[in-house]
Amino acid sequence: MRRILLLTTAALASLPVTVLATLTIKVDAKSGDVISGERKFTVTVDSDNLVTNVEFYVEDDLRATDDSVPYEFVLDTLGEKEGAIKVTFAAYTREGESAKSVLALTVNNQLDKGAGFHVDRGNEALSDSDWDKAIQHGRVALKIEPKNVAALLVMGRANMGKGNLDLAQKFGEEAVKAEPTNRAALELVAGVSLKTAMAAYKRGSDRDAALEAFGSALKRAAKARRESLDAAVEAMGELTDANRLTVADQLIQARRYGRVATLLAPYFRNDLSNTDLGDRLLYAQVRAGRFRDAFQTFDNWRKRGSPSGYSWALNGALMAYKGQMTQALESEKEALLNDPANVGVKSMQAYLAIRRQDAKVLSELLNERLRADGADYVVNYQTAVFSFMTSDYQEANDRFEAAMLADPAGFDMLVEHAAQNLLFSMQAGAEAEDAKHQRRLAVVCFEAALEARPESFEAMTGLAIAHWMNGDLGRALSSARAAAAAGPEYAAAHYTLAGILLASGKRDEARQPMSTASQLDERAIGTRAIPKSDEACRYFYSGGRMPLVSNPGS
């Protein structure tokens, strides 16, 4: 007999059943959140079935679809209205399931605080190297005032910090277009151009093309920096007793050494007790190559006044340059007695060590200075010289880059790097093509040095030697004549001119510049014969290196 089992409703409810797969969606945000800048949403989907895609809506507008984990969506709130906004995330599976998460958010970029507020916050972020935060504030400032130069500079600097050089260049050029004489904008463009050039040169497979691009960028950077410094000079206005030193310092920054010497000489003659005037006058005379004037200034000061430790240092550097090392060391002692902690005194000591080829002392001095200020232009310049002296060529190149980033118009560093490459090209066993490339690189650097300081007789002399070594006697002679005219007391210019004249078949004409060179540097040149190109190059690198010490007041 068949039995029939009757179950109650409660019993039926207790039986197991097959449950459909569920789909849940979670977002790393919640309704009521306030968002700003670029907000990235991350969506997590839980499902027993395969998720095909997740959609992102703003209001009812589909903005993006993502079909792979992690599901991420970025909303640029600066492109949205301020205030309430609805965003929706919808997920779908292969089986046709769907789920949504709808959030009510508020966009608040603090536009009401004004562009200046965000520029200030952006600059604070820059000082902390918080590039993303700086970019966020810069973008808000530009949303409020699309042509705000200060905001453009925040964006340029932040992108440069992140390594986004194309964007940094774009913002820098926009700032220069808006304000052609804006120093900060010009220097930003200079720095970006230089970084771009260095990166391109390192990775360039076509050496000639990479070198051409590198040279163009070096010149652009030098020009932009020079124009920035010139703009600062022009902004100083009328010269007065109150601003004389400030104007002199700005002129020194702009490498207008001759003008500083002319400006300060009559005032210092009437007031030998004014140490600030004396330091700047002596520095300008040395850097302008007015060595006789510098010796006279210091001698008068020593007899009738009391030179500062800094000026004793300048005198020591000048004595070393002229080959008078005994007097140079005496001046070094006086400088250390007067002001041993002075940065100019320390850089003079390094220059003396370079002239003596004393690698041990130089290493100790530079290590101390690098710890104190590793970004300083003069320190990196002197370290590049030391590194080349000790055959650490990679470090020499790295220090060249650091010095140029510190000051894209640093003509001394450009001249030094160019001269190093000329010496490289003369190394025994160097392949012809490699030697040619090194000489081309030297020409590029000398030309950039002239862009930075058009009256640089050192750069003109080096360029003459490079053309001479390349067999272009016409251009070599033109550059050498210009160098001798610009640097009448610069022995290397006259020595080089004599050699090029002889190589050009002008023996009689070569005698005069050779005689001048011998008189200017009797110890090193003396009764030497008129040089060949390699001899001129070696003298230029060692005997022609001008005294470079830190600026007065640095």
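The values are calculated or read from the model by the stated rules, or taken from the named source; none is laboratory data. None of the values given here were measured: they were computed from a predicted structure. We place every Cβ from the backbone using ideal geometry, glycine too, and count neighbours over all the protein chains shown.
Here are some notes:
- 2 or more residues small (Gly, Ala, Ser) and buried (at least 18 other Cβ atoms within 10 Å of the Cβ): qualifying strands (runs of 3 or more DSSP E) within region 42-103: 83-93
- For region 236-267, the set of residues classified as exposed (fewer than 15 other Cβ atoms within 10 Å of the Cβ) and touching a residue at least 24 places away in the same chain (Cβ under 8 Å) consists of Leu239 only.
- Within region 127-145, being assigned to a helix (DSSP H, G or I) and of a type in the set (Asp, Glu) holds for one residue alone: Asp132.
- Residues satisfying the stated conditions in region 139-171, i.e. among the small types (Gly, Ala, Ser) and touching a helix residue (DSSP H, G or I) at 6+ places or on another chain (Cβ under 8 Å): Ala141, Ala150, Ala151, Gly156, Ala158, Gly161, Ala168
- Ser518 fulfils the conditions (1) out of contact with any Lys or Arg (no Cβ under 9 Å at 6 or more places or on another chain); (2) among the polar types (S, T, N, Q); (3) part of a helix (DSSP H, G or I); (4) within 26 Å of Ala288 (Cβ to Cβ) except for a single criterion, (1).
- The one condition in (1) without any contact (Cβ under 8 Å) to a residue 40 or more places away in the chain; (2) surrounded by 23 or more Cβ atoms within 10 Å (Cβ to Cβ) that Ala190 fails to fulfil: (1)
- Qualifying positions in region 490-515 - hydroxyl-bearing (Ser, Thr, Tyr), within 38 Å of the chain's Cα centre (by Cα) and assigned to a helix (DSSP H, G or I): Tyr495, Thr496
- Residues (of a type in the set (Gly, Ala, Ser), in a loop (DSSP other than H, G, I, E, B) and surrounded by fewer than 24 Cβ atoms within 10 Å (Cβ to Cβ)) located in region 412-468: Ala428, Gly429, Ala430
- Condition met for Glu173 (assigned to a helix (DSSP H, G or I), surrounded by fewer than 18 Cβ atoms within 10 Å (Cβ to Cβ) and modelled with pLDDT of 90 or more): yes
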